[in-house]
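Notes for the one structure printed next.
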Amino acid sequence: MAEGSALQKRRRATPPARELILKAATEAFLAHGYAGVSIDQIASQAGVSKPTIYSHFDGKEQLFVAIMNSICDNFEDPFLEPDADSEDLPAILNKIADNYTRSILQPGVIAMHRLLVAEAERFPELSRRYYEVGPQRVHGTLAGFLQSRMARGEIRTGDPLLLAKFFAALVIAPMRTRCLFAVETDIDWTALDRQNREAVALFLNGCISR
């Protein structure tokens, strides 16, 4: 009886084959790109056989699609805090800038961005979906916030979605470009926070009501 119970515990402790395959494939794709990864490599990294992979997925393309769709399905909610509408405008924009840079500039997110840009022509629907649940969703949420501040007269009347895109670009573009090209591999977050303060000040100088 005790031996059977121990066997059941070991089985429960071992992740299902599909989970092992998805984890190994995700790591391999992010490290080597779609073209640089083979089913043999994924099988070896996952500790399963090729037939086991093919029992779950038709091939590398279906596996890649499954991984990307799973990532899109599990995107976290945008970065606005529940009390954003009640906070001082410069203070909340500084918080938004800090939250945004810390979510977008993580090494895994940068690697994912590189991968999807490289494979955009091969998997256009995936790239479009990633854009919709990622950048487009962030821009839309920020636009709604800016529109509410326009209604209060804090920000001059304009296109809130365009202003949201301008704000996101001011905050994220300089450092993300350096990260994407591997010019920056170890971010100085204190220096980046100072850069965010400058970006917010520049944004407000251009769009605040006077």
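The values are calculated or read from the model by the stated rules, or taken from the named source; none is laboratory data. Just so we're clear, the structure is a prediction, and the values are computed from it rather than from any experiment. So basically every Cβ, Gly included, is an ideal-geometry build from the backbone, and we count neighbours across all protein chains shown.
Observations
- Condition met for Val200 (of a type in the set (A, V, I, L, M) and either surrounded by fewer than 18 Cβ atoms within 10 Å (Cβ to Cβ) or not in a helix (DSSP H, G or I) (or both)): no
- Residues located in the stretch 66-107, provided they are touching a Leu at 6+ places or on another chain (Cβ under 7 Å) and within 18 Å of Cys179 (Cβ to Cβ): Thr101
- Pick from the stretch 175-185, criterion exposed (fewer than 14 other Cβ atoms within 10 Å of the Cβ) and assigned to a loop (DSSP other than H, G, I, E, B), ranking: modelled with the lowest pLDDT: Thr185
- Residues that are within 22 Å of Glu81 (Cβ to Cβ) and touching a residue at least 24 places away in the same chain (Cβ under 8 Å), drawn from the stretch 142-168: Leu142, Phe145, Ser148, Arg149, Glu154, Ile155, Leu163, Ala164, Lys165, Phe166, Phe167, Ala168
- Looking across the stretch 59-89, the residues that are of a type in the set (Phe, Trp, Tyr) and either assigned by TED's automatic domain parsing to the domain that holds Val138 or part of a loop (DSSP other than H, G, I, E, B) (or both) come down to Phe75, Phe79.
- One residue alone among Val138, Val183, Val171 is in the same structural domain as Tyr100 (by TED's automatic domain parsing), of a type in the set (Val, Ile, Thr) and touching a Pro at 6+ places or on another chain (Cβ under 8 Å), and that residue is Val138.
- When the stretch 17-35 is filtered for residues that are aromatic (Phe, Trp, Tyr) and either under 17 Å from Tyr54 (Cα atoms) or part of a loop (DSSP other than H, G, I, E, B) (or both), only Tyr34 remains.
- Residue that is nearest to Leu89 (Cα to Cα) [pool: residues in the stretch 135-161 that are of a type in the set (Gly, Ala, Ser) and part of a helix (DSSP H, G or I)]: Ser148
- Residue match in the stretch 149-167 (condition: of a type in the set (Phe, Trp, Tyr), closer than 18 Å to Tyr100 by Cα and modelled with pLDDT of 95 or more): yes
This table checks each residue for (1) more than 30 Å from Gln62 (Cα to Cα); (2) in contact with a Leu (Cβ under 8 Å, 6 or more places away or on another chain); (3) touching a residue at least 40 places away in the same chain (Cβ under 8 Å); (4) not in a loop (DSSP other than H, G, I, E, B).
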position	(1), (2), (3), (4)
Leu126	no, yes, yes, yes
Val133	no, no, yes, yes
Leu170	yes, yes, no, yes
Ile187	yes, yes, yes, no
Leu204	yes, yes, yes, yes
